[in-house]
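First the structure, in the form of structure tokens, and then the observations on it.
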Amino acid sequence: MGEDVSAGERALNKHLASAKFIAGSETGRWTIVSRSGPEVIIRVSAVDRDSSEHASFDFRFYCDDLPAQPPLVEIWDTAKGVQLANEARPTFPPHVADAFKHWDHGLYRPWERRCAGHNNWAALRPDLAWRPDREITFILEELHALVADYASAVAARRAA
């Protein structure tokens, strides 16, 4: 890596090389779709164990100031290079729809850069807030749980 690599990009490189990130990738929970500097697009996938219903979504992480500042994270339409259209986002179950709702910022989570200060959410939910000692696998694990919940909800609707 050249001298023009930012501290945020160096931190991102470290996060992507961590044992936790690699383990999640090897088990199919997430995979890198593309990477350019401090930006990485990661596909998060999950399978409902009872029905084999599969779900996956791409997320754009912009990590220019890791670890001091949380990444900017958006649910992403990789083919179009923009945030996923509102009508393509999950509308159920309610907690998944709320996390992935379109509100002109990143994902609606306390660890997301632009959301953390909304209604003092990061302070109210320190268990879900970004801290400099956390890595992006912290975020990916929650995203995986949300995608898994969505896959299970889709399976339940199909079975009903």
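The values are calculated or read from the model by the stated rules, or taken from the named source; none is laboratory data. Note that the structure is predicted; figures quoted are calculated from it, not measured. Neighbour counts run over all protein chains shown; Cβ positions are idealised from the backbone, glycine included. Remember, those area values only see protein heavy atoms, side chains included, never the ligands or the DNA or RNA. Shrake-Rupley method; radii C 1.70, N 1.55, O 1.52, S 1.80 Å.
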| task | Examine segment 93-109 for a residue that is touching a strand residue (DSSP E or B) at 6+ places or on another chain (Cβ under 6 Å) and of a type in the set (Val, Ile, Thr), and state whether such a residue exists. | result | no
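Residue-wise test of (1) in contact with an Asp or Glu (Cβ under 6 Å, 6 or more places away or on another chain); (2) more than 16 Å from Tyr150 (Cβ to Cβ); (3) among the basic types (Lys, Arg).
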residue: Asp64; (1), (2), (3): no, yes, no
residue: Lys80; (1), (2), (3): no, yes, yes
residue: Leu84; (1), (2), (3): yes, no, no
residue: Glu87; (1), (2), (3): no, no, no
residue: Trp103; (1), (2), (3): no, yes, no
residue: Glu112; (1), (2), (3): no, yes, no
residue: Asn120; (1), (2), (3): no, yes, no
| Within the bounds of segment 95-106, is there any residue that is over 24 Å from Leu128 (Cβ atoms) and open to solvent by 70 Å² or more (accessible area, probe 1.4 Å)? | no
| Residues of segment 1-31 satisfying the condition of being exposed (fewer than 13 other Cβ atoms within 10 Å of the Cβ) and hydroxyl-bearing (Ser, Thr, Tyr) | Thr27
| task | Output the residues belonging to segment 22-43 that are among the hydrophobic types (A, V, I, L, M, F, W, C) and under 19 Å from Glu74 (Cβ atoms). | result | Trp30, Ile32, Val33, Val40, Ile41, Ile42
| message | Just to be sure I understand, how many residues within segment 113-148 are among the polar types (S, T, N, Q) and within 18 Å of Glu26 (Cβ to Cβ)? | response | 1
| remark: Inside segment 32-68, the number of residues satisfying the requirement of being surrounded by 15 or more Cβ atoms within 10 Å (Cβ to Cβ) and outside any strand (DSSP E or B) is 8
| remark: Log entry, pairs with first residue in segment 83-108 being of a type in the set (A, V, I, L, M, F, W, C), second being open to solvent by 60 Å² or more (accessible area, probe 1.4 Å) and assigned to a helix (DSSP H, G or I), beta carbons closer than 8 Å, six or more apart or on different chains, reads Phe92/Arg157; Val96/Asp149
